[in-house]
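Below: one structure, written as structure tokens.
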Amino acid sequence: MSNLEALLLGIVQGISEFLPISSSGHLVLVRYHLNWGDSLPLYVGIATNTGTLLAVLVALRQVVWDTLLGVLASLRFLWQQQVWPRLASERVAAAYVDAEAPDLAGDAGVTDEREQRRLQAFRLALLVIVGSLPTAVIGLTLEPFFERLGTPVPTSIALVVTGLVLWFVPNTGHKTDPRAITWRDALLVGIVQGLAVMPGISRAGVTIGFLLWRGVSSDLAARLSFLLYLVVSFGVSILGIGELAEANIALLPLAIMSITSFAAGYFALIGLLRILQRGQLHRFAPYVWTVALLTLARVALT
């Protein structure tokens, strides 16, 4: 692989991973339109995935840090106060899952703002864990099937579907507290993320879109979506270490792909967060439709 190809792949992956336009779909179409063959080496995905993983960690470092601290602090609090029986009680359990009355203040002896933030971070972490389970199952069992659909026509059709999701998605929702998101929502968004392994279906687009449809605010939907991505991305990087060792390729193309996907991904993620704040996710729909139609036209002509 040339350094120029590595540079282009890193940029494409970094931008399309976080903007709701499907990174896997764009890699399929880049191969098709540039005549790079039917598939890319596995190390390409691993190297670019590492870059985008680091982009999330840097861009959302405060969210990630708060979530980790919330988990540790909440576990310590539960241990010290021995409130497991109260958390299991009907009243407190209802407060955790009730989308309309998520406030725990008074039920578990937590009244100040700091403790509320801790419980919110703890809840967000639990939602990520619950949502990651169906994603892992679907990814491990159905990924070979979806990979066979990584050709121009199925990918273009999937891009059209992504565009429809983006066009009709609500601007935002009223749920700003993670405790307002139910376990069922977490499981369903995990399933949606697992199905997004199909090239052309945007992981960011469909997961954020689903949460917006469930009444989650755009800010919270983005946080949960990208925390879910962190788990998946970290797993891919760990599983791919052995593949990189066996690939026996030059370090420079790997470094180029990782660095460019990190840089492009960081700015794409910051841009997406601003777009979500303005409720303009639908603006990406015409782009993915255009890419899909141009690809289908070329396939028909050739």
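What follows draws every value from the coordinates through simple rules; no lab data is involved. Because the structure is predicted, anything quoted here is derived from the model rather than measured. Please note: Cβ atoms are built from the backbone with ideal geometry, for glycine as well, and neighbour counts cover all protein chains shown.
Some notes on this structure:
- Cut-off under 5 Å, modelled amide H: who pairs with Lys175 long-range: Val216, Ser217
- Gained length - Leu7 relative to Trp36, 0.36 nm times residue gap less alpha-carbon distance: 9.0 nm
- For the range 184-227, pairs of C-alpha atoms spaced more than 15 angstrom apart make up 31 percent of the total.
- Förster radius 41 Å - calculated FRET efficiency between Phe267 and Glu113, Cβ distance, rounded to 0.05: 0.80
- Kirkwood-Stokes translational diffusion coefficient of the range 113-194, alpha-carbon pairs, 20 °C, 1.002 mPa s, µm²/s: 142 µm²/s
- Global geometry of the range 251-302, whether rounded, prolate or oblate, following the gyration tensor of its Cα atoms and the 1.5 cut on a/c: oblate
- Computed from Cα atoms alone, the Kirkwood hydrodynamic radius reported for the range 148-302 is 17.2 Å.
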